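Here's the structure, in structure tokens; my notes come after.
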């Protein structure tokens, strides 16, 4: 008796299904990494914006030493902006008006962040200003849900 051996040709259906399963799991992993990357990139962008806002206020304070000496930058809170601010770009201002204008412009910068808030606290014992900017991180897929609160802070002596 003569036995014939048949060589298997091509893939079986099970081999194709396993290959598709492995490929789809790999693609899902790549999509998850991309989503995480986008979230962390957003977080880094917010932190950069907050740091730039702090640097902006420090520059404004250094440019207006008279406003600093008049305590116009002491204990600033973004929830209570200065009232009756003169537009210093349209007309000349005295130091106190310029300081109020600068504080209002700084509050406008930090309010561009989601849930943005800021404060300036003067520590007289150390002659140091503590400037803090906080915002809400949106880490959920539902952007209407508020995320964790993040903050950047800087201490400066003028």
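Coordinate-derived values only; no laboratory data. All values reported here derive from a predicted model rather than from experimental measurement. Please note: Cβ atoms are built from the backbone with ideal geometry, for glycine as well, and neighbour counts cover all protein chains shown.
Summary table below
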{"quantity": "Most mobile of 130, 15, 91 in a GNM of the chain (Cα contacts under 10 Å)", "calculated": "15"}
{"quantity": "Listed residues 128, 86, 22, most fluctuating in the chain (Gaussian network, C-alpha, under 10 Å)", "calculated": "22"}
{"quantity": "Computed label-point distance, nm, for sites residue 85 and residue 12 using a 7 Å Cα→Cβ extension", "calculated": "7.4"}
{"quantity": "Sum of -39500 (n - 2.57) over DSSP H runs of 4+, divided by residues of the chain (222 nm, nearest 500)", "calculated": "-16000 deg cm²/dmol"}
{"quantity": "With Cα atoms, 0 to 90° folded angle of helix 13-63 axis to the chain main axis", "calculated": "10"}
{"quantity": "Difference of contour (0.36 nm per residue) and Cα-Cα distance, residue 63 to residue 41", "calculated": "4.6 nm"}
{"quantity": "Modelled FRET efficiency - R0 22 Å, residue 95 with residue 52, Cβ distances, 0.05 increments", "calculated": "0.35"}
{"quantity": "Relative contact order (%) - the stretch 1-120, alpha-carbon pairs under 8 angstrom, separation at least six", "calculated": "25"}
{"quantity": "Stretchable slack from residue 154 to residue 21, in nm (0.36 nm times residue separation minus alpha-carbon distance)", "calculated": "42.8 nm"}
{"quantity": "Helix axis angle, 95-110 relative to the chain longest principal axis, alpha carbon, degrees", "calculated": "10"}
{"quantity": "Percent of beta bridges antiparallel (DSSP, the chain, rounded to nearest 5)", "calculated": "100"}
{"quantity": "Rh by Kirkwood over Cα pairs, then Stokes-Einstein D for the stretch 26-158 at 1.306 mPa s and 10 °C, µm²/s", "calculated": "97"}
{"quantity": "Residues 40, 101, sorted so that the one with the fewest Cβ neighbours within 10 Å comes first", "calculated": "40, 101"}
